[in-house]
Structures are given as C-alpha cells and as structure tokens.
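One structure below.
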Amino acid sequence: MLTVSLGSRLAIIIVFFSLTAIVAVALTAHRALSRDFEATLIEQQAYETERISDQVDRSLQVRLALLEALSVTLTDGDRLLSRPEINTFMARQSGLRELFSNGLLVLDEDATAIAEDTFVPDRVGTNYADRPHFARALETREPVISRPIIGRTTGLPLLAFVVPIESDEGNLLGFLTGSIDLARTSLVSAEARASSSRHKAQFLVIDTSNLLYVDSGEEDDGIRPLPDPGASPLIDTAMSGMSLGEITLKNGAELIYATSHLERLGWLFIRAVPKALAKAPATESFRQFLLISLGLMLFTIPLSYLVTRSAMAPLQRMTRRIRDMSAADPGSDRLEAKGPPEVRNLATAFNKLLDERDDIAKMQDDFISNVSHELRTPLTSLNGALRLMTSGTTGRLPQKAAEMSQLALRNGQRLQLLIADLLDFNKLKAGELELNLETQPLAPLITQAIAGNETIARERGIGFTEHCEPGILLTTDSHRLRQILDNLISNAIKFSPQQGVVVIAAESTATDKVRITVSDQGNGLPEHFIPRLFERFAQAEVGTSRASKGTGLGLAICRELTLLLGGKIGAYNDDGAHFWVELPLAGTRDYENNEST
C-alpha cells in the first residue's frame, strides 16, 4: 500500500465507504420496513377480528329484535293468545328457520314450554326456569341472549334468545324464545371466511366458558373441545389475555396474531397470519434497492477515481512550490518523510518551512528583546523629563508648548507600556519570570483591580458590578494576578457601550478551582477571531480607534501568566464577551496539563 498514491487510496476509500454506507442504509431500511409491515399486519388482524366480532354481534341483535317484534303479536293486550291461536301462529313462522335453526318456542309465565314451531320430542311441557338465561329474563323482564349451552332435550350445542311477553299494563304473560344449533349454523359470515382464506389467515372462534372450538377454520369440523394446555401455543397465548403480538409455534413457524372478545357470548375471535407475509415485501424492496445501488456503484468507481486523481494534482503542485521556497534540510524533530509520494513531498516541504519559521521567530524575538532593553532606559529618562516639564517644575510653559509636552508624555507612556509588555512576554516565553506566591483572599484583589480602572471607566460612563463568593483563598502572585485582571477589565471597558456595566464575578467550582469571569455588554468577539484571541499582536478590530489604543500583547500575556499560575483562561460570547480565568484554590495548585480554551 505504501507505493499506492494518495489519489488511488482516496478512490478506494470512497468506494469502500460508499458501498458500506449503501449496505448499512439498505439493512436499516429493511429492518424499518419489516417493523412497519409487521405493525401494519398486526393492525390488520386486529381490525379484522374486531370487524368479524361486530358482525356476529349485529347478527345476534337482529335476531333478538325480530323476536321482540314477534312477541307483541302473541298477546291481545291483556293475556296470551289461546293455545290453538299460538299453534296456528307458530305454524306460520317457517321463514324464520334460517335465523333460528333449532326452532321457536313459546313458554308461559313460569317458563314452561307450551308451543313450538318445530316438533322436538318432550320439549313442550319442559320447564326451563332453572336455566341461567331464563332466570335472568324472569328477574329483569329484559330480552336475553344466552351463552352457548347444551340443549336439555336435544343434547345439541345451542345459543338461545329469550324475549318476555308482557301485557299492556306490563304484566308478565310468558316468553318467546328462539335457538340456534351451533353445530349446524355458523354466525361467522361466508365473506369473512373467504377474506381469511385469501390472506392466508388462520381464523378461530373459541368459547372460553366451555373451552370449545366454535369455529376451528376447518370445513365440517363442528363443535369440539380445545386441545390440552401446551398443545397449541396460539390458543394458550390468546387465552392468556395477550390480545395481539407475535408467537413462535413448536415447528419454528412465526405467526402474527390478534384477538377480539365478544363479551355477551364469551367468545374469543382469533386471526393469525405467517410473519413471513410482513418480511416478503421488505425483502423485495431491499433486493431492488441493493441492485440499483450496485449498478450505480459500477458507474461511481471510475468516476471517483478520476475525481480524486484530479483533486490530488493541485496538491502535487503545491508541494513542489513549498519545496522550492527553502533549501534547508529538515531537522530530526520534524515530520518523517514516509508514506505515499504526495505525503512524503508535503512532509519535506513542511519541515523546511518550519525551519525557516523557527529561524525567523528567533531573530524576531532577539531583535524585540534587544530593542526593548535598549529603548527602556532612554525612554524612562525622556518620560521623566516630560513629567517635570508638564508639572511646571522647570518653569511655566507657553500653552502651545504645554499641550505638545502633554501629547509627548502620553505617547511616551504608551511606548513605555508596550516595551514593558514586550519584556514581560519575552521573560514568560523564556521561563525567566519569577513568582512571589502567597496565600491570600481573592476579594481584595478584585476590589483593587476595579479601583485601578475606575478613572477610565468613569470617563466612558461605565459602571462595575462585583460578585465574589466569600472566603475564597488563593496561593498566587498578587501582582501578576492583578496584571491579568487589569488587562481583562480594561478590555471590557474598551469594548463596552456608553453607560454599560462591566461584571466581575468569582465563584468556586466542583474541581477545587475558582473561576473569575469578566463580562461586558458589547457586541461580543468576532467568531473568526476567537481561535487567535490569545496570540501576541492579535487584535479583533484592526484599523479602528479602539484597536489603535492597544498593544495586542495583553491577552497573550494573560494567557502565559495564567499558565504560570497553574490555571486556564478562555472566552465565549453570550450577550457580550465573557473572559474567564480558572485558578486552583489554596493548597490545590497543579501546574500540569494547563491549556487555554
């Protein structure tokens, strides 16, 4: 691989990750589609079972309503019709055989059968008052539909409908009842059965009270007992109360099922389909997506290779130009010139640039240090002389000369501050600055820093707000900490609007540190400038009057002093600029791993 160019490597990487992304997306989409289809399939089964259950319930209501209508014709308003009249009436109800396959029966007020439309041996004369549905009808005088029962005289599984017959005054005269032979009559419509067959669904109706199959989904299977517990996972799961979900059969087949309970009959409707019906469309979509993606990849591979090769051509030209900028040899502390040709060439050029930069930086530091030392002594004398002249010690000056002297003194003082900053910065970079560490409270230092900047703040109409957590002790150099605070506060004043407020807050943190934050209400720091915020000679508003009043060294010195004191420094924007310094509390100083943020 070392002999393969960077362009070829990038082409391989693009192809590899593109293929990986396609497969990952396809698999994710397949899983999502499978889940969606499974959820849809479960909802479909729940809807179908509920729909069939409602159809059965409506069918029962129709039969009951019909019996209620017929019961009115069996009385003249005060009493039941005579038995001959009832027999004549019953003989004319052959049209109801389809709805009541086990026939109609009229009973007196004691629930004893007195007439029937279809002859059944020993049925007339039998008393049914002990049957739960008749007992309920006698008690409530309301129409009743029984749960599945075994006929007393027929021995058949029946479903009975009981309607009280009452006089106009509401007196109970008797009962009209119809019954269905469940072995011969199915309450589930043919359309529902056909729909289940079309969708490869298994449809079951269970009588939970008697533990019987009412409808097992098999032709002519009739009423029969449920299998023993454990023999049918589907039946066991449905009867456990879990109304929908997934189940795995003993043969490993996975089913999606839903149930609906018809309370008045105690029947449970179950509909189940193979889970594979949900996976099939998702798998087909996955296959199509993968085939299309692979087809596109065949087109993308040569295109990506050409694009990466063309993208690397400028890199080659750039490395040649960089190599020509310097003839120096790379040092042993530079990048190793190894790897693809482009990388080796770039490493060589980069090493040469670093050598040049280091040489120039050393020359610059030496020059600044020498010039600063050489200028400080005569500049101190000049400023002293100018102070004597402006103070009147050497005699009264003419107004014009006094103004010129004041201007010269101000500029001399600015130059002296710049030289002091340069010398401090060089000492910090060289590790020659000594600290005078003492344990002392923080609050007085903040108060002194505010007092030291109060005059310039008053000129601009800037106020101060101070919040310092009481009892904070630091082991620090008070002069250098004041130097940091003075820089941050003067910057906040400089960039605050007229009548603004500078906030200085100090609070301890959970890591045995104290964070001092100096905040202004200005426009905040330019986002593009934040990475260079603590570099020397860096100014955010180059060319403005506020930039011209600074040396560009203040924040760089703050950073170096903070590191020397064992802390960290940083800044962020939030309705103004917020500069913060974190220093260790007394007894917890740690000089390792300190970086500005």
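When its C-alpha radius of gyration is set against 2.2 N^0.38 Å (N residues), the range 67-170 gives a value of 1.02. Over the range 88-145, the alpha carbon radius of gyration divided by the compact-protein estimate 2.2 N^0.38 Å works out to 1.17.
Please go through the residue pairs 200/279; 250/275; 400/494 and name each one whose alpha carbons sit more than 18 Å apart in this structure. The partial results should precede the final answer.
Working: 200/279 15 Å; 250/275 15 Å; 400/494 30 Å.
Pairs exceeding 18 Å: 400/494.
Quick note on the range 446-518: its Rg to Rh ratio, both from C-alpha atoms and Rh being the Kirkwood radius, is 0.99. Ranking of 257, 213, 47 by neighbouring Cβ atoms within 10 Å, starting from the fewest: 47, 213, 257.
As a rough footprinting exposure proxy, the listed residues 287, 131 were ranked by other beta carbons within 10 Å of their own, and the order from fewest upward is 287, 131. Using alpha carbons only, the radius of gyration of the range 434-584 set against its Kirkwood radius gives Rg/Rh = 0.94.
Relative to the present Cα-Cα distance, how much length would full extension add between residue 355 and residue 508 at 0.36 nm per residue of separation?
On the way: separation 153, 0.36 × 153 = 55.08 nm, distance 4.40 nm.
Contour length minus the Cα-Cα distance gives 50.7 nm.
Looking at the range 434-584, the DSSP beta bridges with both ends there are about 80 percent antiparallel. Fully extending the segment from residue 448 to residue 21 would add 147.6 nm, taking 0.36 nm per residue of separation and subtracting the current Cα-Cα distance. Among the chymotrypsin sites (Phe, Trp or Tyr not before Pro) within the range 83-155, those in coil by DSSP and having at most 13 neighbouring Cβ atoms inside 10 Å are 119. Modelled spin-label separation between residue 527 and residue 250, with each label point placed 7 Å from Cα along the Cα-to-Cβ direction: 6.8 nm. Rounded to the nearest 0.05, the FRET efficiency derived from the C-beta distance between residue 98 and residue 242 at R0 = 35 Å is 0.40.
Values quoted throughout were computed directly from the atomic coordinates according to the rules given, and no laboratory measurement underlies them. Bear in mind that the values here come from a model prediction, so they are computed numbers and not experimental data. Using ideal geometry, Cβ is built from the backbone for each residue, glycine included, and neighbour counts are taken over all protein chains shown.
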